[in-house]
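**Q** Sharing a structure with you now.
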Amino acid sequence: MNTDTATAVFESLASGLRLEVYRLLVRKAPDGLVAGDIATALDVPPTNLSFHFKALTRAGLITVTPEGRYQRYRANIPLMLDTIAYLTESCCADQPEKCIELRAAAGQR
């Protein structure tokens, strides 16, 4: 991953609603959801979502597949994992065991 790709990912997630859409689609992976189900789950009018879907799609975070008259949205899990790897690739001066210690200290697994 390069800086431009990472920046596009973070910019697209800078909206609270887009972040919630993406997190919902991650939970529903790999099947994804149709737009109406996303709107219902997040209690958002479907017309408000198209702008956000476009931003997430442009960044590559979600894919869309036509299913008859519906659109099915899915999280791009490989891109999410690449982004996490990009953020942590040089963690703790390339001493990953220190990262494990830091996560434990923060109460994370």
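**Q** Just to be sure I understand, how many residues within region 76-109 are among the hydroxyl-bearing types (S, T, Y) and touching a helix residue (DSSP H, G or I) at 6+ places or on another chain (Cβ under 6 Å)?
**A** So the count comes out to 2.
**Q** Say whether the condition of being loosely packed, with under 12 Cβ neighbours inside 10 Å, touching a residue at least 60 places away in the same chain (Cβ under 8 Å) and not basic (K, R) is met by at least one residue in region 90-104.
**A** No, every residue in region 90-104 fails to be loosely packed, with under 12 Cβ neighbours inside 10 Å, touching a residue at least 60 places away in the same chain (Cβ under 8 Å) and not basic (K, R).
**Q** Would you confirm, using the coordinates I've provided, whether A85 is closer than 20 Å to A14 by Cα, small (G, A, S) and at pLDDT 95 or above?
**A** no
**Q** Any residue at all in region 68-75 that's free of Cβ contacts under 8 Å to residues at least 60 places away in the same chain, out of contact with any helix residue (DSSP H, G or I) (no Cβ under 7 Å at 6 or more places or on another chain), under 18 Å from R27 (Cβ atoms) and not hydroxyl-bearing (S, T, Y)?
**A** Among the residues of region 68-75, at least one is free of Cβ contacts under 8 Å to residues at least 60 places away in the same chain, out of contact with any helix residue (DSSP H, G or I) (no Cβ under 7 Å at 6 or more places or on another chain), under 18 Å from R27 (Cβ atoms) and not hydroxyl-bearing (S, T, Y), which makes the answer yes.
**Q** While we're looking at this one, here's another question. Give the residues of region 60-89 that are outside any helix (DSSP H, G or I) and either loosely packed, with under 13 Cβ neighbours inside 10 Å or more than 10 Å from the chain's Cα centre (by Cα) (or both), sorted by residue number.
**A** Once the filter is applied, which keeps residues that are outside any helix (DSSP H, G or I) and either loosely packed, with under 13 Cβ neighbours inside 10 Å or more than 10 Å from the chain's Cα centre (by Cα) (or both), region 60-89 yields T63, V64, T65, P66, E67, G68, R69, Y70, Q71, R72, Y73, E89.
**Q** List the pairs whose first member sits in region 10-27 and is free of Cβ contacts under 8 Å to residues at least 24 places away in the same chain, whose second member is part of a helix (DSSP H, G or I), and whose Cβ atoms are under 8 Å apart, counting only residues at least 6 apart or on separate chains?
**A** E20/L42; L24/I38; L24/A41; L24/L42
**Q** Same structure, new question: Is it the case that region 43-52 has a residue that's among the small types (G, A, S), more than 20 Å from S15 (Cβ to Cβ) and out of contact with any Leu (no Cβ under 9 Å at 6 or more places or on another chain)?
**A** Within region 43-52, not a single residue is among the small types (G, A, S), more than 20 Å from S15 (Cβ to Cβ) and out of contact with any Leu (no Cβ under 9 Å at 6 or more places or on another chain).
**Q** Can you find a residue in region 15-31 that is out of contact with any Leu (no Cβ under 6 Å at 6 or more places or on another chain), part of a loop (DSSP other than H, G, I, E, B), of a type in the set (A, V, I, L, M, F, W, C) and surrounded by 15 or more Cβ atoms within 10 Å (Cβ to Cβ)?
**A** No, because not a single residue in region 15-31 is out of contact with any Leu (no Cβ under 6 Å at 6 or more places or on another chain), part of a loop (DSSP other than H, G, I, E, B), of a type in the set (A, V, I, L, M, F, W, C) and surrounded by 15 or more Cβ atoms within 10 Å (Cβ to Cβ).
**Q** Here's something else I'd like to know. Pairs needed: first member in region 28-53, touching a residue at least 40 places away in the same chain (Cβ under 8 Å) and closer than 16 Å to R74 by Cβ; second member anywhere, of a type in the set (S, T, N, Q) and loosely packed, with under 12 Cβ neighbours inside 10 Å; C-beta distance under 9 Å; at least 6 residues apart or different chains.
**A** The qualifying pairs are G32/T65.
The values are calculated or read from the model by the stated rules, or taken from the named source; none is laboratory data. It should be emphasised that the depicted structure is a prediction, and the values quoted were computed from it without experimental measurement. Quick reminder, even Gly has a Cβ in these numbers, built from the backbone with ideal geometry, and neighbours come from all protein chains shown.
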